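**Student:** To start, I am sharing the structure in question, which I have written as structure tokens.
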Amino acid sequence: MKKQIFLMMSLIAILAVNSFAADKVIKLPAPNRKGGKPLMAALDERQSKRNISAAPLNRQELSDLFFAATGVTRKNGKLTIPTARDARSMILFAAMPDGLYRYNPEAHQLELEQPRDFREFTGTQKKMHTTAPVVLIYVSDNERMKRVNIPESGFTKYGAFHAGSMSQNVYLYAASANLSTVVCGLVEIDKLAIEMKLPESHRIQFTQPIGRK
């Protein structure tokens, strides 16, 4: 009997570990590159909307969202956004109810950074940020720009430019998919950076909650 109980407890422990490990990576399906509205229609409907519900986005919507933001579009690894001197200095994080994730464009997957809800730190409009199922956090890595000889005087300019390109892609995707989103600059950046445990070379640009209407 004791042996059976021991084996059962061991099996439960193994299943628990495997379940936790699976949550560390969210593998996204291939983006739907032929879906959505025509570009001109999406441009016409692009707008800031703060009426975001708590309803979660499905895997396909997450896939299309992150691909639009900064996905890989070609075999040579080029992205959906311009990036100065191919620095690829932007890092896209997503604060979701079950944790903080980092988007990996090459693998097209979300990788768990911390298993806790960060949404309360992502903006001063607490109700909207803690209700939205996904809050994007745009972070520029100055060290990556430094590696391709972008002068320090250009870090702020290029960081803002790259982040702006990403957020506009997200706006257009939201318009095409009938989702609500808004860029938020009222963020306690230093506090959020500490909570995220970002290195000094990383700079938070702004956040962008997104979800269903």
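The values are calculated or read from the model by the stated rules, or taken from the named source; none is laboratory data. Because the structure is a prediction, the values reported are computed rather than measured. Neighbour counts run over all protein chains shown; Cβ positions are idealised from the backbone, glycine included.
**Student:** Tell me, yes or no, whether region 41-64 has at least one residue that is among the aliphatic types (A, V, I, L, M), farther than 22 Å from V183 by Cα, loosely packed, with under 15 Cβ neighbours inside 10 Å and in contact (Cβ under 8 Å) with a residue 40 or more places away in the chain.
**Tutor:** Of all residues in region 41-64, those among the aliphatic types (A, V, I, L, M) come to 41-43, 52, 54-55, 57, 62.
Pick out the ones that are also farther than 22 Å from V183 by Cα and you get none.
No: region 41-64 contains no residue that is among the aliphatic types (A, V, I, L, M), farther than 22 Å from V183 by Cα, loosely packed, with under 15 Cβ neighbours inside 10 Å and in contact (Cβ under 8 Å) with a residue 40 or more places away in the chain.
**Student:** Out of (1) in contact with a helix residue (DSSP H, G or I) (Cβ under 9 Å, 6 or more places away or on another chain); (2) part of a helix (DSSP H, G or I); (3) farther than 16 Å from L192 by Cβ; (4) not aliphatic (A, V, I, L, M), what's the single condition that is false for N149?
**Tutor:** Among (1) in contact with a helix residue (DSSP H, G or I) (Cβ under 9 Å, 6 or more places away or on another chain); (2) part of a helix (DSSP H, G or I); (3) farther than 16 Å from L192 by Cβ; (4) not aliphatic (A, V, I, L, M), the lone unmet condition for N149 is (2).
**Student:** Another question about this same structure. Could you please give the count of residues in region 177-197 that are part of a loop (DSSP other than H, G, I, E, B) and small (G, A, S)? It would help to see each step written out before you state the result.
**Tutor:** Within region 177-197, the subset part of a loop (DSSP other than H, G, I, E, B) is 178-179, 182-183, 185-188, 197.
Next, from what is left, pick out any that are small (G, A, S): 185.
Here the count works out to 1.
For (1) at pLDDT below 95; (2) over 17 Å from F93 (Cβ atoms); (3) not in a strand (DSSP E or B), each residue gets a yes or a no:
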residue: E120; (1), (2), (3): no, no, yes
residue: I137; (1), (2), (3): no, no, no
residue: Y158; (1), (2), (3): yes, yes, yes
residue: P199; (1), (2), (3): no, no, yes
residue: Q205; (1), (2), (3): no, no, no
residue: K213; (1), (2), (3): yes, yes, yes
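**Student:** Related question: Could you tell me how many of the residues in region 65-98 are among the hydrophobic types (A, V, I, L, M, F, W, C), closer than 22 Å to Y158 by Cβ and either surrounded by fewer than 15 Cβ atoms within 10 Å (Cβ to Cβ) or out of contact with any strand residue (DSSP E or B) (no Cβ under 7 Å at 6 or more places or on another chain) (or both)? Explain how you work it out, then say what you get.
**Tutor:** Of the residues in region 65-98, the ones among the hydrophobic types (A, V, I, L, M, F, W, C) are 65-69, 72, 79, 81, 84, 87, 90-96.
Then keep just the ones that are closer than 22 Å to Y158 by Cβ; that gives 66, 68-69, 72, 79, 81, 84, 87, 90-93.
Subset that is either surrounded by fewer than 15 Cβ atoms within 10 Å (Cβ to Cβ) or out of contact with any strand residue (DSSP E or B) (no Cβ under 7 Å at 6 or more places or on another chain) (or both): 68, 81, 84, 87.
The number of residues fulfilling the criteria is 4.
**Student:** Right, next: How about region 34-69: which of its residues are part of a loop (DSSP other than H, G, I, E, B) and closer than 21 Å to I91 by Cβ?
**Tutor:** Within region 34-69, the subset part of a loop (DSSP other than H, G, I, E, B) is 34-38, 46-58.
Result: L57, single match.
**Student:** In region 197-213, what residues are of a type in the set (A, V, I, L, M, F, W, C) and crowded, with 21+ Cβ neighbours inside 10 Å? Give the derivation first.
**Tutor:** Let us first name the residues in region 197-213 that are of a type in the set (A, V, I, L, M, F, W, C), namely 198, 204, 206, 210.
Answer for region 197-213, where residues must be of a type in the set (A, V, I, L, M, F, W, C) and crowded, with 21+ Cβ neighbours inside 10 Å: I204, I210.
**Student:** Return a yes/no flag: does region 139-158 have any residue that is of a type in the set (F, W, Y) and over 14 Å from the mean Cα position of the chain (by Cα). Even if it seems obvious, please write down each step before you answer.
**Tutor:** From region 139-158, those of a type in the set (F, W, Y) are 155, 158; that's our starting set.
Subsequent filtering for residues that are over 14 Å from the mean Cα position of the chain (by Cα) retains 155, 158.
Within region 139-158, one or more residues are of a type in the set (F, W, Y) and over 14 Å from the mean Cα position of the chain (by Cα).
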